[in-house]
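The structure under discussion appears below in the form of structure tokens.
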Amino acid sequence: MIELVVTKDGSHTFYNTELAVWHHSLHGALQESMRVFIEIGLWAKMQEKTTINVFEMGLGTGLNALLTALEATKKQCTVRYETIEAFPLTNEQVASLNYDKMLHISFLEKIHTASWQEWQDLSTHFSIKKTKANLLDYTFEYPIDLVYFDAYSPTTQPELWTEDVFARLYKAMNTGALLTTYCSKSIVRRALQAAGFTVEKHNGPIGKREILRAIKC
């Protein structure tokens, strides 16, 4: 069962009662996504490139995709956004989220109602391809410039935080590409390093001391 929760910055998240996990930080879903994925990931790549290939591990609520689309328009940067999601939200669950209201836009529904398994242009600067797939079976369409690794925690989904998974991503990424994630556990750092990444620690969002950015050198 999925329950709607209001986080401390006023933005929504969902709580999965079966797995006992939240989709976003209770300290603030919006501020967490901005810090972990936009500030140390997307903004860094936008300083280097005008066309960016993003891969997100787990579409989830669509918040990361939404923020990316907004930044692409602001910065006049073209983003091709690939994402996989094994368990998409229902239309009712999407409609209950308040991200569009908080950001004074109307875009989240476009992300969630976009067709699966094919590319769709949702704006002048943002196109998306959503796939219902397992990461280990997924074939990447473009060399990746930026990975948002936003899977459930290693405690909940340990199979997704392994050296083999990160090595698969590493192989699909361009030289200089980045991977950002909210999880800074030592087992995750070691798995990233073993896969070939150079790993940096960065200050986290409110409520979290550190987050990680990994670089394919």
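The values are calculated or read from the model by the stated rules, or taken from the named source; none is laboratory data. Fair warning: this is a prediction, and the values are worked out from it, not measured in the lab. Quick reminder, even Gly has a Cβ in these numbers, built from the backbone with ideal geometry, and neighbours come from all protein chains shown.
A few remarks follow.
- Enumeration of residues in the stretch 48-79 that are of a type outside the set (A, V, I, L, M, F, W, C), under 8 Å from the mean Cα position of the chain (by Cα) and part of a helix (DSSP H, G or I): Asn64
- Inside the stretch 173-213, residues that are of a type in the set (Gly, Ala, Ser), touching a helix residue (DSSP H, G or I) at 6+ places or on another chain (Cβ under 9 Å) and within 30 Å of Gly10 (Cα to Cα) make up a count of 2.
- Test result for Thr68, closer than 23 Å to Trp22 by Cβ and of a type in the set (Ser, Thr, Tyr): yes
- All positions within the stretch 135-163 that are charged (D, E, K, R), surrounded by fewer than 18 Cβ atoms within 10 Å (Cβ to Cβ), touching a helix residue (DSSP H, G or I) at 6+ places or on another chain (Cβ under 9 Å) and in contact (Cβ under 8 Å) with a residue 24 or more places away in the chain: Glu163
- Any chance Ala167 is among the small types (Gly, Ala, Ser) and farther than 17 Å from Asn53 by Cα: yes
- Taking the stretch 35-45 as the range and being surrounded by fewer than 20 Cβ atoms within 10 Å (Cβ to Cβ) and of a type in the set (A, V, I, L, M) as the test, the residues that pass are Ile38, Ile40, Ala44.
- If you go through the stretch 33-47 and keep only what is under 11 Å from the mean Cα position of the chain (by Cα) and not polar (S, T, N, Q), you end up with Met34, Val36, Phe37, Ile38, Gly41, Leu42.
- Check on Trp116, over 14 Å from the mean Cα position of the chain (by Cα), more than 25 Å from Glu39 (Cα to Cα), at pLDDT 95 or above and not aliphatic (A, V, I, L, M): yes
- Which numbered condition Trp116 misses (of (1) within 24 Å of Leu30 (Cβ to Cβ); (2) touching a strand residue (DSSP E or B) at 6+ places or on another chain (Cβ under 6 Å)): (1)
- Residue list for the stretch 175-193, filter: loosely packed, with under 14 Cβ neighbours inside 10 Å and not charged (D, E, K, R): Thr175, Gly176, Ser186, Ile187
- Total residues in the stretch 170-198, condition of a type in the set (A, V, I, L, M, F, W, C), under 18 Å from the mean Cα position of the chain (by Cα) and over 19 Å from Lys49 (Cα atoms): 3
- Among residues of the stretch 19-47, those that are over 23 Å from Pro158 (Cα atoms), assigned to a loop (DSSP other than H, G, I, E, B) and of a type in the set (Gly, Ala, Ser), counted: 1
- Residue in the stretch 191-204 that is of a type in the set (Lys, Arg) and under 15 Å from Leu42 (Cβ atoms) present: no
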